[in-house]
1. Identify, please: which residue in region A:7-22 is away from every other protein chain (no Cβ under 14 Å) and in a helix (DSSP H, G or I) and is, among those, nearest to the chain's Cα centre (by Cα)?
2. So, restricting to helices (runs of 4 or more DSSP H) that lie completely within region B:172-242, which ones have at least 2 residues that are within 8 Å of chain A (Cβ to nearest Cβ), farther than 27 Å from A:R241 by Cα and not polar (S, T, N, Q)?
3. Would you check if B:P47 is modelled with pLDDT of 95 or more, of a type outside the set (D, E) and assigned by TED's automatic domain parsing to the domain that holds B:P17?
4. Would you call B:R103 surrounded by 16 or more Cβ atoms within 10 Å (Cβ to Cβ), of a type outside the set (A, V, I, L, M, F, W, C) and touching a Gly at 6+ places or on another chain (Cβ under 7 Å)?
5. Kindly indicate whether any position in region B:25-35 is outside any helix (DSSP H, G or I), away from every other protein chain (no Cβ under 14 Å) and either of a type outside the set (D, E, K, R) or surrounded by 21 or more Cβ atoms within 10 Å (Cβ to Cβ) (or both).
6. In the list A:L135, A:L125, A:L161, which residue meets the criterion of being assigned by TED's automatic domain parsing to the domain that holds A:S97, of a type in the set (A, V, I, L, M, F, W, C) and touching an Asp or Glu at 6+ places or on another chain (Cβ under 7 Å)?
7. Whether any residue in region A:186-197 is surrounded by fewer than 18 Cβ atoms within 10 Å (Cβ to Cβ) and in contact with a strand residue (DSSP E or B) (Cβ under 6 Å, 6 or more places away or on another chain) is what I want to check.
Protein chains: 2
Amino acid sequence: MNRDDPLKNIRIVLVEPRHPGNIGAAARAMKTMGLSALHLVAPREFPHLEAETRAAGAIEVLHNAQVHEDLAGALSGCVLACATSSRRRELRHEMMSVREAARELAAQAASHPVAVVFGSERTGLDRELAGLCHLWAGIPANPEYPSLNLGSAVQVFAYELRLAATAGEPPPPPEFEPATFEQVEQLMRHLEQTMTDTGFFDPENPKRLLQRLRRMLARARLEAEEVSILRGFLNAVDRLRR
Amino acid sequence: MNRDDPLKNIRIVLVEPRHPGNIGAAARAMKTMGLSALHLVAPREFPHLEAETRAAGAIEVLHNAQVHEDLAGALSGCVLACATSSRRRELRHEMMSVREAARELAAQAASHPVAVVFGSERTGLDRELAGLCHLWAGIPANPEYPSLNLGSAVQVFAYELRLAATAGEPPPPPEFEPATFEQVEQLMRHLEQTMTDTGFFDPENPKRLLQRLRRMLARARLEAEEVSILRGFLNAVDRLRR
């Protein structure tokens, strides 16, 4: 946590980047806008000479990058995560603009870690991974060719984050403590278990129930105390069955 | 001239680009934002395979690029030209933000050709060339490392140009049916009843629980189907007690 500079609290997360050159380009794009926390989820090749070449003067962003096995690891400790896509239909979430998302992220980053998540070059983020995020932002693009290079997408987002973080007065601190990524994940698991136990949810025939619930909770941007309230209620339901 | 789409009237001019890969990256960045008029002033190597590779699906922007001997040729017919730099001190002109410049350019581009001019990778635009332009715009950047890749600089500018040119378009209709006031009220009453029945909520000692839940649900902006899902779960809990 860093109260002096919200940009230091903003992670850029690249999920399964295929080309090391793009990792370097992302690092350079980040540094030009004052971002430094690069997190990589299962990169195909890293470290790599091409990443270092493309990073140019941002080599220390690469050297300080953290590598994770899965997205949950990269989001650990974050109170707000934003998935990005130029493929509007795929996420089927309410999409906001990069500009709006950057404002929300920068406001939270004044006091807590937040993350912006970019999918793999070819396939983007799948729904399951996007479902781990709270916000979904699309870079407005030519519908006939919305295919931004990964480094360019990071550049546009980093640019908006810098503008948002350096605009005017700092926002007032949030009134309530936001729930962390881990707290919401524990709530989801508890909910799934209790819904299964009550017979409401059939794990053999899940349809899209869990996805819908996850999306709803993400949109609610839960506070830590709300997670406690909901889990307290689930505990009371669990006791009924015993 | 094109009265239908201002983006078609906006030229991207690269002055003495050194690396063909950057020309390709600029072409791709342009097409993702709906720009198509690329003008090159004395490129060191063009055409070039690396430019084509980096252009990816924007190859026709490269093929239609016009090559000029000097900047005056590239600006021929334009009514407004904007020089770009991240080196504020060098231009010694009154700098505006990319966002402001994009608005002015897009407004003029509704009826006349305009241009955005990018200098060479190492040296930027010299004063003499910048003096041929009407506006001077800087991309806000980290003062310790303002060194955007040429393709990334084009991407950020093209992004702002697209936003400026398409501002005022209606947003897409919402994909899901929002819950009505009555549906959310029924859910609140059901929740209160079930929480009371399970012993989690004590109506004699309500504290602020119901208020907290109401605030959480309001923030979630529930959809009609989500209300059905939640009430379905509450029904399953209700059946447990019987």
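1. Checking each candidate, the answer is A:N9.
2. Output list reads B:209-220.
3. yes
4. Values: surrounded by 16 or more Cβ atoms within 10 Å (Cβ to Cβ): yes; of a type outside the set (A, V, I, L, M, F, W, C): yes; touching a Gly at 6+ places or on another chain (Cβ under 7 Å): no.
No, not satisfied.
5. Going residue by residue through region B:25-35, those that are outside any helix (DSSP H, G or I) are B:33-35.
Filter once more, so that each one left must be away from every other protein chain (no Cβ under 14 Å): none.
No, region B:25-35 has no match at all.
6. A:L135
7. Taking every residue of region A:186-197 in turn, none turns out to be surrounded by fewer than 18 Cβ atoms within 10 Å (Cβ to Cβ) and in contact with a strand residue (DSSP E or B) (Cβ under 6 Å, 6 or more places away or on another chain).
The values are calculated or read from the model by the stated rules, or taken from the named source; none is laboratory data. Bear in mind that the values here come from a model prediction, so they are computed numbers and not experimental data. Note that we place each Cβ from the backbone using ideal geometry, even for glycine, and neighbour counts take in every protein chain shown.
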